[in-house]
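Asks: Here it is, the structure in full.
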């Protein structure tokens, strides 16, 4: 690495500093930085070499990256590796306060804010660890690290070319990360960007694009999932079931609350939760179901709510046989007007606005549930609860078609993301 | 009405609609239905029906005392406040014989014809509560006995009902059932000896429910089909309160017609003898339909009566109150309101008496479509007129000290009961479509099959229409039936009728039998046909008035011309919409909006002050 650096120095002497600044991306050389404001005053011939410098970059970068660790050690005297800054800052928890401490520490350490691009990049990387990746204040704080007014283009030529490209790119990185996490910038962000990069700079353009699209997409999802899902499995089941049922009249019933108890014998009894949903329409369908034909309990089926996966079970019947499907309208149904016309004329082609859909015959779904355990005993309790409101169920044979699917999935993912799991529910997990 | 005609009525109920066309003579009367074919059955509506001098004298003899009674002894304000008709008022009504207006004289009623009944309805409607009480009693409550009851049933019940000793009520609506027969839960179970039924169930919103002694109840009974299968069918029963097990809830507190008694009625193991079945066991559906269909026509004259009274009261105010040194009556916007009221009242009256006259013709004319048209037009007209009258009075109309707000509240029910206007529009449009469809099916099928002759004929017709066809249905001109001074209006009517026929044909071609699901289309069809019937009635009446020189017939000509011109443009607009496909006439958008709102069961737009950034 030393040899590379020496080589670079030599090149700099021959070609000019502005070129070198471009040739070593990913790291900042403070001794260049300090004088880099003078860059614009370099003579015209210097600029003409730029293109060749860009070519050399492709060769130089990999080696520079590969020696990253070593490089840190080399610069230890002037710079603390920024990752360590964050490691050091969190004495207790990794939280917003600790993160802010690290940022403040960096800002206070050096009035010139040397190495701020590296620091910002490191900070962006560290954000998820500290759980602040969705915090607008923190993003603004990070932007605040940039020295103000230094990078503002002062004439049209600077504006035309990429003035302080690394800084601008870094600013864009910050905005991009905000974009990826769906954080909408605010007035403060704009103010900072204007102060740092000035009007019509690339970060400002990025900001404008964000502000164009984000509001448009803010409510694009007609079925939004709440930002924070409830931790309580019963509440989560309630939300999920209401989401699948998509019927405002559907009623959620908690058949069993989750419970952990110690019995007299000293044995631990866990009682899984059972939450079911049924709409009046489904009740009616079930009431009309022929008790001679069985109904099926099937599942578990997965439902993803953002990063959480929950499983549900359905109570369904077989597709109706054709003789039961056709509902004959009684001619003596409506006291006031005829329900159908006795005409031998069909709808004309032009008014037939139905698309041709290849329909697969599907049986009616009578009810759905989510339970803390997927065994037959638990689900039988659900059916028992359903019998209260649907007396016909007590005469109808119920067949359990349960697949062991999610159990295996659970086993596989347990080791990976046990941390995020919601306690008490083996079949509800978060995968990150 | 003779026993013979009643027999015919019962017989008619047994025949499906299609069979009726084969009959001639008394069964004609299909003026409204013919409109759907683009034809005009002039003989039906011209000349405007008249009553004989004797009948006129007779009715005037009734009108005098009834008018006097209503103006002197009925305290509408008190009835409205107390939510009760005082017993002495009811007694007065009974003494006047108003509880048995259409019951034949042999059973102690007044035996009035439909026309005379409509005439008295005009006065009775001056108090909404009394009008509804009387209508619930005789227009629906005892109508079942009158049109489908046996002689024994009539002899047993009608005299007491006619005198008002007993009051009748009509029990159809149930908590889960408005117009849906399938959800009637009240059940009548045949006892083991087969001599009586046990009645169990609850009915809601029963007018006169708390006063009535005799109920016409519709209940589900199990009957055995021809092929031996058991089936539930509706049966109509006469139930006396004295049978036991009949209870009623407390009177409902209502927006309007507060003096009328509306409450729940419960039947618990009420024993009803088999002789009290109206019609036959399992034949209650037809009975209910016939009762409902026959009860509606009188609403036209009732509304007209009310508006005429309102015009008097508001005109008095408009001609005395001064603003900016000018009388209210000098302002154009106020004048416009009076014109509107006069036009509506005139047309309503014309429609009501034309329909009543048609119903009074010998034979058993079926005027159910016309009656529904009268109901729709007059109930909506009444609501608009009352609202406009209130507007003339400004803030004064809003005060409880004056009767106008009561009229407004009372008239709101007209759009709802005896079949909501939406339901009646479906009835009007679908009955007409069925009638026209029967006749046009052959032609349309030929065309769809690609019969060149028929297709060419349709094309030539269309071409001539587009070139501006002169339509002549023979209303005016040589051998014309309408007066020449109404030529303009008559021409407009003829043109509308002709194009209505082509529109209906087009709709049948486009939708066929699936038109039952096109409610937005049917609504327009119903609106046009109602307007056509209204225009007809107005022209017919005005022609008669001019011809025999009634007082102020020039005023009638004005009213007729105003109405016909307005209706002509409305019809043209509606028919132009009907020609278009759903994407162009906004139907698609309308449905979509409704669907989105109903999916969320809320108004879903963001608040105007809402921001996204």
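Asks: What is the spin-label model distance, in nm, from residue B:422 to residue A:228 if the labels are put 7 Å beyond Cα along the C-beta direction?
Replies: 4.3 nm
Asks: For residue B:438 paired with residue A:329, estimate the spin-label separation in nm (one decimal), with each label point 7 Å from Cα along the Cα-to-Cβ line.
Replies: If labels sit at residue B:438 and residue A:329, their model points lie 1.8 nm apart.
Asks: For A:346-358, what's the mean count of beta carbons from other chains sitting within 10 Å of each residue's beta carbon?
Replies: Values: counts 6, 9, 10, 2, 3, 11, 3, 4, 0, 0, 0, 0, 0.
Mean partner shielding for this stretch: 4.
Asks: Here's something else I'd like to know. Normalised by the residues of chain B, what does the relative contact order come to in percent, with Cα pairs under 8 Å and at least six apart? Mind showing how you got there, number by number?
Replies: Values: 980 pairs, mean separation 95.3, N = 613.
Averaging sequence separation for qualifying contacts and normalising by length gives 16 percent for chain B.
Asks: Sticking with this structure for a sec: Sorting B:314, A:189, B:189, B:173 on the 10 Å Cβ count, fewest up front, what's the list?
Replies: Working: B:314 25, A:189 22, B:189 15, B:173 18.
Ordered by Cβ neighbours within 10 Å, fewest first: B:189, B:173, A:189, B:314.
Asks: What length, rounded to one decimal in nm, is gained on full extension from residue B:572 through to residue B:459, with 0.36 nm per residue of separation minus their alpha-carbon distance? Each step should come with its number before you reach the end.
Replies: Values: separation 113, 0.36 × 113 = 40.68 nm, distance 2.09 nm.
That works out to 38.6 nm of additional length.
Asks: Answer rounded, prolate or oblate for chain B, using the Cα gyration tensor with square roots of eigenvalues a ≥ b ≥ c: rounded when a/c is under 1.5, else prolate when a/b is larger than b/c, else oblate. Walk me through the numbers before you get to the answer.
Replies: Details: a/c = 1.39, a/b = 1.15, b/c = 1.21.
Rounded.
Asks: Ignoring everything except DSSP H segments at least 4 long, calculate the 222 nm mean residue ellipticity for chain B; use -39,500 (n - 2.57) per segment, divide by total residues, nearest 500. Show your work: numbers first, answer last.
Replies: On the way: 22 runs with 335 residues, N = 613.
The helix-only estimate for chain B comes to -18000 deg cm²/dmol at 222 nm.
Asks: I would also like to ask the following. Just grab the label-to-label distance for residue B:565 and residue A:281, each label 7 Å out from Cα along the Cβ direction, in nm (one decimal).
Replies: Spacing of the two 7 Å Cα→Cβ label points: 5.1 nm.
Asks: Please find the FRET efficiency linking residue B:339 to residue B:94, where r is the Cβ-Cβ separation and R0 is fixed at 51 Å, and quote it to the nearest 0.05.
Replies: Numbers: r = 40 Å, r/R0 = 0.79.
With R0 = 51 Å, the Cβ-Cβ based efficiency is 0.80.
Asks: For a paramagnetic label modelled at 7 Å from the Cα of residue B:268 toward its Cβ, which residues of segment B:206-245 fall within the zone defined by backbone nitrogen distances under 13 Å?
Replies: Backbone N within reach: B:244-245.
Here, each number is a calculation from the coordinates, and none is a lab measurement. Computed from a predicted model, the values in this text were never measured in an experiment. Glycine also receives a Cβ, built like all others from the backbone with ideal geometry; neighbour counts cover every protein chain displayed.
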